[in-house]
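Just so it is clear, none of the values below were taken in a lab; they were calculated from the coordinates. Remember, predicted model here, so these are calculated numbers, not experimental data. Here the Cβ positions follow ideal geometry from the backbone for every residue, glycine too, while neighbour counts run over all protein chains shown.
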Amino acid sequence: MREFLRRPWVLLTAASLLISTGVFSQHSSAGESPQITDGSNVTLSYDISVPGEDLKVRDVGRFVQGKHELLPALERAVAGLKTGDVKKVSLSAAEGFGPYNAEKTMTVPRKDLPPGTKEGDVLEDAEGKPATVSRLSEQSAVIDYNHPLAGKPLVVELKILRVENPS
């Protein structure tokens with residue numbers, strides 16, 4: 001599993017599912033930070049971990065509250081927070097990336113894979129979809145299209161870096 005996190009697509013996939021990343025701009029604060037409400041532009045940092053596993057995804061991103069750019073449970077958790085607030089949220093697998101679906105795997109001939117492919121490698125199929133090589137034998141490979149965090153409970157630690165409410 002750690003191999004997945006060394007692959008840029010996993011970080012990008014996690015970030016895109018949790019947060020639409022944005023470009024930061026200069027900010028000068030005058031007074032107290034507003035609370036996060038629908039329409040707020042929010043910049044935050046987050047750490048995602050899986051209980052019992054040596055796995056951590058860290059990133060910074062930006063989203064608009066109420067635009068469904070976060071997982072629904074996280075969007076509910078940040079409502080009302082202000083710049084500097086920190087929150088730890090535990091998510092079930094269903095609240096995170098959904099259950100693991102065995103039907104999202106397929107067996108392909110090993111000869112169809114790039115030379116040197118190993119278990120844990122992330123490849124793109126002909127349509128550009130990422131898939132993980134979950135098993136290899138002499139003749140075939142099992143390719144898994146599930147998100148690497150599917151079926152896993154998550155702990156997400158959020159720190160609100162900036163809140164801008166629409167004017």
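Figures for the structure shown
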quantity: Coil-residue GluC sites (Glu not before Pro) of the range 23-118, DSSP, other Cβ within 10 Å capped at 12; calculated: 32, 53
quantity: Charge sum, other residues only, whose C-beta stays under 9 Å from residue 157's C-beta, Lys/Arg counted +1 and Asp/Glu -1; calculated: +2
quantity: Range of Cα positions in the range 58-149 per principal axis (Å), largest first; calculated: 55, 22, 22
quantity: 15 Å tail of the calculated P(r), the range 104-167, as % of Cα pairs; calculated: 59 percent
quantity: Low-density loop positions, chymotrypsin sites (Phe, Trp or Tyr not before Pro), the range 74-156 - DSSP coil, at most 12 other Cβ in 10 Å; calculated: none
